[in-house]
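All of the numbers you see were taken from the coordinates with simple rules; none came from a lab. None of the values given here were measured: they were computed from a predicted structure. Here the Cβ positions follow ideal geometry from the backbone for every residue, glycine too, while neighbour counts run over all protein chains shown.
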Amino acid sequence: MTIDTVVPVLEAVPNISEGRDLGLIREMVGLIEEHDVEVLDWSADADHNRAVITFIGAPLSVERASLELASFVADHIDLRNHRGVHPRVGALDVLPFVPLHDLSMAEAVVSARRVGEEIELRGVPVFYYGEASVPPGRGLASLRRGGFEALIERWPPDRQPDRSAGCAAAHPRLGVTCVGARRVLLAWNVFVDGLSVTDAQVIASSIREARGGFQGLRALGLGLVGAGRVQVSMNLEDTLRTCPLEVFDTIAREVARLGGEVVETEVIGMVPDTLVLPDSVGRLKLPDPGPARILSQRVAAHVAARRTGRTETSDRTV
C-alpha cells in the first residue's frame with residue numbers, strides 16, 4: 001500500500017493592532033496554539049503598537065486558529081483608543097496566508113477567501129489583497145492610506161471593500177481586516193544613529209518601489225519615541241528578485257552620506273534563507289537568529305513531525 005506523504009503546510013502571519021499589553025498578546029498566542037498548529041514566532045513593539053504572530057499547520061487548522069484569533073481580537077481591542085507609528089486600518093489589521101509546502105497559491109487563496117467570508121459574518125468588513133484580490137496584486141499601501149480614520153465615515157470612492165458586512169463605512173471599533181495570500185516576504189527594520197526622522201523618511205522614499213527604487217520594496221522612515229530610536233521600516237515582497245543585501249548597502253551608503261551610522265537590523269517574524277547566506281548576518285548587523293528563527297528549518301521539522309504523527313497530512317483546502 002502506498003503511504004500518502006503529502007503534507008500541506010499553510011502559514012498565517014496576523015498583524016494585530018496591540019503592542020503594549022504583553023499579557024493580552026500571550027493570551028492570543030495561547031489561543032492559537034490550542035488549534036493543532038505550531039506558533040513559530042511572535043513579537044510586539046510598543047511604539048508601533050503592533051504585534052505579529054507567525055504560525056503554520058494544515059490549512060483547515062490554520063483557518064480555524066485564524067478565526068478564533070479574529071473573535072478574540074474583536075472582544076478585546078478598540079481602535080478608537082489605538083495610537084502607534086505603524087499604519088493600520090483594523091484591530092486585526094492584516095491576515096496573510098502563505099503556502100509553504102505541498103500547497104499551491106490557488107489553495108492559499110481559497111483559505112484566504114474562506115476566512116474573509118467568516119470575518120465578514122462577524123460584522124467586520126474585509127479587503128482582499130495580494131493573490132487573493134480580484135484582479136490579483138492589490139497592495140496594502142493603498143488600502144491603508146489615511147489609516148482607520150479615513151474609513152470611519154464612509155468608503156472612499158477608490159476603496160470599496162470586497163466584503164462590506166452590510167456597512168457603509170469601517171466598523172466603528174474594529175475597522176476592517178485585510179486578508180491576503182502571498183509568497184514569503186521579509187519584514188525588517190534598519191536602525192540608524194545620528195539621523196533625524198526626516199532623514200530616515202527621505203531614505204525610505206528614495207528606495208521604495210513606488211518612487212523608482214527597489215522592486216517589491218515598501219519602506220517608511222519612523223521615529224520610535226518610547227525607544228528613542230530612528231528606523232527605516234520595510235517589507236520586501238520577493239527576496240529572490242530583489243537582494244536584501246543590495247537594499248541594505250544602499251541604505252548604509254545614504255546613512256553615511258548624511259552623517260549617520262547603521263547600528264542594527266531587526267527581522268520581524270521568521271528569517272528567510274536569503275538572510276543566512278555566508279557573511280550576511282554580520283554584514284547586516286543582524287543578531288544571530290539561531291535555527292529557531294530560520295523559516296526553512298522550522299518548516300522542515302514541522303513536516304517531519306507531521307509525517308511521523310500522520311497528523312492531517314491530507315488536509316487540503318481544494
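Using a Gaussian network model of the chain whose springs link C-alpha atoms within less than 10 Å, name the residue from 182, 298, 257 with the highest mean-square fluctuation.
Comparing 182, 298, 257 in the GNM, the peak value goes to 257.
How high is the relative contact order of the chain, in percent, with contacts defined as C-alpha pairs under 8 Å that are six or more residues apart? Provide the component values of the computation, followed by the final result.
Working: 684 pairs, mean separation 60.3, N = 318.
Once divided by the residue count of the chain, the mean separation gives 19 percent.
Just to confirm a number: summing +1 for Lys and Arg and -1 for Asp and Glu over residues other than residue 101 whose beta-carbon lies under 10 angstrom from that of residue 101, what do you get?
Details: positive: 306; negative: 11, 102.
Result for the local shell: -1.
Considering only C-alpha atoms, what is the centroid distance from the stretch 258-288 to the stretch 5-70, in Å?
About 24 Å separates the Cα centre of the stretch 258-288 from the one of the stretch 5-70.
Using only the Cα atoms of the stretch 48-158, what are the Rg and Dmax in Å?
Gyration radius and largest Cα-Cα distance of the stretch 48-158: 14.3, 43 Å.
Go through the stretch 1-89 and name the GluC sites (Glu not before Pro) that are in a DSSP coil and have 16 or fewer other Cβ atoms within 10 Å of their Cβ. Please list the in-between numbers first.
Details: sites: 11, 18, 27, 33, 34, 38, 63, 68; in loops: 18, 34.
Those that pass, being in a loop and sparsely packed, are 34.
How about the stretch 75-146: which chymotrypsin sites (Phe, Trp or Tyr not before Pro) there lie in a loop by DSSP and see at most 16 other Cβ atoms within 10 Å? Kindly include the intermediate steps, with their values, before the conclusion.
Working: sites: 97, 127, 128, 129; in loops: none.
For chymotrypsin sites (Phe, Trp or Tyr not before Pro) across the stretch 75-146 that sit outside H, G, I, E and B with at most 16 neighbouring Cβ atoms in 10 Å, the list is empty.
Apply the Debye scattering formula to the stretch 133-177, with a single equal point scatterer on each alpha-carbon and no solvent, then give log10 I(q)/I(0) at q = 0.20, 0.25, 0.28, 0.33 Å⁻¹.
Those come out to -0.63, -0.97, -1.18, -1.44, one per q.
Running a GNM on the chain with Cα contacts under 10 Å, which residue among 90, 228, 282 ends up with the highest mean-square fluctuation?
Its mean-square fluctuation being the largest, the pick is 228.
Hey, what did the stretch 136-294 get for relative contact order, percent, Cα under 8 Å, at least 6 apart?
Working: 231 pairs, mean separation 34.0, N = 159.
Averaging sequence separation for qualifying contacts and normalising by length gives 21 percent for the stretch 136-294.
Students often get this wrong, so try it: which of (i) 18.8; (ii) 16.7; (iii) 15.3 is mean projected area of the Cα convex hull in nm² as calculated from the structure shown?
(ii)
If I take R0 = 30 Å and measure r between the Cβ atoms of residue 258 and residue 149 in this structure, what FRET efficiency does the formula 1/(1 + (r/R0)^6) give, to the nearest 0.05?
Rounded to the nearest 0.05, the efficiency is 0.40.
Say we join alpha carbon atoms closer than 10 Å with springs in a Gaussian network model of the chain; which of 13, 197, 124 then has the biggest fluctuation?
Among 13, 197, 124, the largest GNM mean-square fluctuation belongs to 197.
Would you kindly compute the Cα radius of gyration of the stretch 163-274 and its largest Cα-Cα separation (Dmax), both in Å?
16.3, 53
Can you sort 211, 229 from fewest to most other Cβ atoms within 10 Å of each residue's own Cβ?
On the way: 211 11, 229 16.
Least crowded to most crowded, the residues run 211, 229.
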